[in-house]
Structures are given as C-alpha cells and as structure tokens.
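Here's the structure we're looking at; comments come further down.
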Amino acid sequence: MNQLALSKRPKNYQATCADLITMAERELAAFFRAVTELFGSNQAGLSAEDWLQELLATKDLPASAREWQLLTVKAAARLSQVTLSAMHGPGQPPLPAGRADSRQNKRQQ
C-alpha cells in the first residue's frame, strides 16, 4: 500500500484529544530543544513557560500543526524581546530592526 496514502488525513478529519496532545508535545519539545541549543537550559525553561502562557491565552485549542506553530512563533517573539533587551541593556531605547547582530559583533571584538 502507498505510504503516502496511510499518512494523509481525509479533508473532513477532526483531531481527537490524543492527536492534539501529540501535536502540542511535538511542538513544545522542538521549541525547547532549539532554545536549549541556542540559549541554554535555563532560558529554555523560561521560554517553555512563555509557550504555555501563549497556549493559555488562546481562545480555542489549536487544531492543526500550523496553528501550533503559530503559538510557537508567538513564544519565540517573546524570547527575541528578552534577548534584545539583554543585549542592548536596560534603560536604553530599543535597537532598530536588523541592528542587534551588528551590536553583538562589536561586543565580541
């Protein structure tokens, strides 16, 4: 039998609770691994809490992988705000878009 046919869902497919849990686990685990790799386990834990806060803030549970990914993008946006604030320093106006990398390079020199 065609493997693609086995993995395709019908157009009228409704995700079950188990499907939603699986999608959430996969998305949060992937986000956690990426943040751990880039920023360390402490920041990954904080970012996972942000991810869960984004989930709690949603009106309805995400029902597709795309909707779960959108939730992750929102949590990643929070992480970028924290990272830019830490790089730029407290009490200073925010960096214009695209300037964070050049500032970080200057600090490393």
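Since only PRO62, PHE39, THR16 are under comparison, the one whose Cα sits farthest along the positive direction of the charge dipole of region 15-78, derived from C-beta charges on Lys, Arg, Asp and Glu, is PHE39. Each residue, ALA63 and ASN42, gets one label point 7 Å from its Cα in the Cβ direction; the gap between the two is 4.2 nm.
Every read-out reported here was derived from the displayed coordinates using simple, explicitly stated rules and does not represent laboratory data. None of the values given here were measured: they were computed from a predicted structure. In this analysis, Cβ positions are derived from the backbone assuming ideal geometry, glycine residues included, and neighbour counts consider all displayed protein chains.
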